[in-house]
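Notes for the one structure printed next.
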Amino acid sequence: MNAVLKPNSDLRPMQHDDLDEIMRIEPVIYEYPWTRGNFIDSIKAGYSCWVMQQNQEIIGYAVLMMVLDEAHLLNLSVARGFQGKGLGRSLLEHMMQIGRKHGGSNIFLEVRVSNLKAIRLYESVGFNEMAIRRNYYPARNGREDAVLMGMFL
C-alpha cells in the first residue's frame with residue numbers, strides 16, 4: 001500500500017474561456033506576469049497548454065512548447081493559496097509526460113535565480129543547472145539572471 005496521497009485535482013487542456021481566471025492568478029504570483037496575449041499566442045501556436053482544476057476552480061496551469069525532440073517549459077504556475085501542497089510537482093510531472101508523448105528526449109526551462117522554491121522543485125525531479133542566462137528577466141532594478149535547467153526525458 002502506498003501512503004503517498006496524490007493531490008486531488010483534474011488536468012485538462014487550456015481553453016480561451018479559461019483566460020479570465022488565469023489572468024486573476026498570474027499577476028498575484030508574478031511581479032512580471034505573462035499577458036493575456038502571451039497565453040492566446042501559445043494556444044494559437046499549438047503549444048501544449050494545460051490547466052489544473054479543483055472543484056471547477058483553476059488552481060494552476062502550464063505551457064509547453066515542442067521544438068523537434070526538445071520540450072521547453074515556458075510557464076508553470078500554481079495559485080498562491082494552493083502552493084506547497086504537491087500540486088506544482090504533479091503539474092510538472094504531467095508536462096514532462098506530455099513532452100515524452102510528443103517525442104521529446106530532453107526538457108528545458110528558465111527560472112529566475114531568486115526563485116529558490118522553483119529551483120528546488122525542478123532539481124527534485126531530476127533537472128540540472130546547465131547555464132546562467134545573464135539579464136534574462138525584467139527586474140525592479142534592471143534585469144535578473146535566469147538559470148537554464150534541463151534533463152533527459
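The values are calculated or read from the model by the stated rules, or taken from the named source; none is laboratory data. A quick note: this is a predicted structure, and the numbers were derived from the prediction, not measured. All Cβ positions, even for glycine, are placed from backbone atoms using ideal geometry, and neighbour counts span all protein chains on display.
Quick one: in region 117-138, of everything that is touching a strand residue (DSSP E or B) at 6+ places or on another chain (Cβ under 7 Å) and assigned to a loop (DSSP other than H, G, I, E, B), which residue is surrounded by the fewest Cβ atoms within 10 Å (Cβ to Cβ)?
For region 117-138, the residue satisfying everything is Gly126.
Answer with yes or no whether Gly84 is without any contact (Cβ under 8 Å) to a residue 12 or more places away in the chain and within 29 Å of Arg143 (Cα to Cα).
Numbers: without any contact (Cβ under 8 Å) to a residue 12 or more places away in the chain: yes; within 29 Å of Arg143 (Cα to Cα): yes.
Considered against the rule, which asks whether it is without any contact (Cβ under 8 Å) to a residue 12 or more places away in the chain and within 29 Å of Arg143 (Cα to Cα), Gly84 comes out as yes.
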- prompt: Taking region 76-89 on its own, how many of its residues are polar (S, T, N, Q) and buried (at least 21 other Cβ atoms within 10 Å of the Cβ)?
  reply: 1
- request: Out of Trp50, Trp34, report the one residue that is of a type in the set (Phe, Trp, Tyr) and farther than 28 Å from Asn141 by Cβ.
  value: Trp50
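Each row is one residue, and each column tells you yes or no for (1) buried (at least 20 other Cβ atoms within 10 Å of the Cβ); (2) aromatic (Phe, Trp, Tyr); (3) more than 25 Å from Gly126 (Cβ to Cβ).
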residue	(1), (2), (3)
Glu21	no, no, yes
Arg24	no, no, yes
Gly37	no, no, yes
Tyr47	no, yes, no
Met52	yes, no, no
Val63	yes, no, no
Leu68	no, no, no
Met95	yes, no, no
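Quick grid of which residues meet (1) over 30 Å from Asp17 (Cα atoms); (2) at pLDDT 95 or above; (3) small (Gly, Ala, Ser):
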| site | (1), (2), (3) |
| --- | --- |
| Glu57 | no, yes, no |
| Ala62 | no, yes, yes |
| Arg80 | no, yes, no |
| Leu91 | no, yes, no |
| Ser124 | yes, yes, yes |
| Leu148 | yes, yes, no |
